[in-house]
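The values are calculated or read from the model by the stated rules, or taken from the named source; none is laboratory data. Keep in mind that this is a model prediction, so the values were computed, not measured. Neighbour counts are summed over all protein chains in view; Cβ atoms, including those assigned to glycine, are modelled from backbone coordinates with ideal geometry.
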Amino acid sequence: MLEWQHCVKHCVPTCIIRFCRCAEQILYDTPKARREVELHWRVSGGPHIVRILSLYENMHQGKKCLLIVMACMEGGELFSRIQARGDQAFTEREASEIMHDIGTAIEYLHLMDIAHRDVKPENLLYTTKESNAALTLTDFGFAKETTLQNSLQTPCYTPYYVAPEVLGPEKYDKSCDMWSLGVIMYILLCGFPPFYSNTGQAISPGMKQRIRLGQYKFPNPEWAEVSEEAKQLIIQLLKTDPNERMTIGQFMSHPWISQSMVVPPTPLHTSRVLTEDKELWEDVKEEMTSALATMRVDYDQVKIKDLDTSNNPLLNKRRKRPGPGGADRAGEDAGVEEVYNSL
């Protein structure tokens, strides 16, 4: 058994300490933690997946623990990077390239018969702050094998990105990740999610029903210039029936994904929306992260306010903000209000 100081100073190769900044994670040694580490280690080194450099087992404060040494992702989160662009336009072509990178990671996992089960913006990190940095997927806390003998049935998820089948007792599999890809792609193309709930709350029967029905729209002005091809791809990803939802292979073969260079470089509203609501959006992300850390309860024990009765600060702020020239945004944001009220 290794001492912490010994394993960090002497067991990690010198080249890692000298040339590679590392991130450390300590987990209490439980079956869940071992599953997380085992599955992450199995896919470590795969494309667009955060790499595990070393693993150690030891006692810490009298408890058996696992120490995971990973490559440090210094570039920050996906949407924080878009917010930081300022006046520089974020384009549909860039959104296509980002979705291709995320899809590449998911494709690798699915080929290994592993479902991530919690693909969300907070788990997508850039390797560096450089413009050409790679986008990587992390946090395998909810990952699980998807063999026939081990079909996914555990109701653990982050509610904001949860697929319809996870909200009921039926089994779910890799199609959960495809649903999450649809939600992320939607946000990338407009700056707000297709399904939303009051922050810090959980899922009510009404919210479950709206997600199951796939009730969302592509409101103007945010969606006015987005290509029809992108919208149709989202529709295929957000199919409520997991058997009808496209697979990762179909996703990666879709022209909007496989031929990013021919996707129109149309400027999007995404960076503007994220920047205007930056403070509120950061609060939303923090609460999503908190929910991720604790959301491992049965679906019928959670409670989320229906959107039409909740006090959603992000939506309320956008409803009340004056438009260009002092004009009321009520008409301009009618589409946004309509889509939220329909969820």
- Determine if segment 220-237 includes at least one residue that is modelled with pLDDT of 80 or more, of a type in the set (Phe, Trp, Tyr), in a loop (DSSP other than H, G, I, E, B) and surrounded by 15 or more Cβ atoms within 10 Å (Cβ to Cβ). yes
- Can you name every residue in segment 238-256 that is among the hydroxyl-bearing types (Ser, Thr, Tyr) and either touching a Gly at 6+ places or on another chain (Cβ under 7 Å) or assigned to a loop (DSSP other than H, G, I, E, B) (or both)? THR240, THR247
- Note on the structure: Matching residues in segment 238-265 (exposed (fewer than 15 other Cβ atoms within 10 Å of the Cβ) and over 18 Å from the mean Cα position of the chain (by Cα)) number 13
- For segment 70-84, enumerate the residues that are of a type in the set (Gly, Ala, Ser) and in a helix (DSSP H, G or I). SER80
- TYR160 surrounded by 22 or more Cβ atoms within 10 Å (Cβ to Cβ) and modelled with pLDDT under 65: yes
- Pair list, Cβ under 7 Å, 6 or more apart: segment 128-148 residue assigned by TED's automatic domain parsing to the domain that holds GLY103, other residue at pLDDT below 90 and part of a strand (DSSP E or B): ALA143/ALA115; LYS144/ALA115; THR146/ALA115
- Query: Among all residue pairs at least 6 apart or on different chains, which show Cβ distances below 8 Å where the first residue, located in segment 239-257, is within 13 Å of SER96 (Cα to Cα) and the second is part of a loop (DSSP other than H, G, I, E, B)?
  - Reply: HIS254/MET246; TRP256/SER227; TRP256/VAL263
- Query: Are there any pairs, at least 6 apart or on different chains, whose C-beta atoms fall under 7 Å, with the first in segment 101-119 and among the polar types (S, T, N, Q) and the second surrounded by fewer than 19 Cβ atoms within 10 Å (Cβ to Cβ), and if so, which?
  - Reply: THR104/PRO47
- Query: With respect to the numbered conditions (1) crowded, with 16+ Cβ neighbours inside 10 Å; (2) in the same structural domain as MET178 (by TED's automatic domain parsing); (3) at pLDDT below 90, which one is the sole condition not fulfilled by GLU94?
  - Reply: (3)
- Kindly establish whether GLY62 is assigned by TED's automatic domain parsing to the domain that holds MET112 and modelled with pLDDT under 90. no
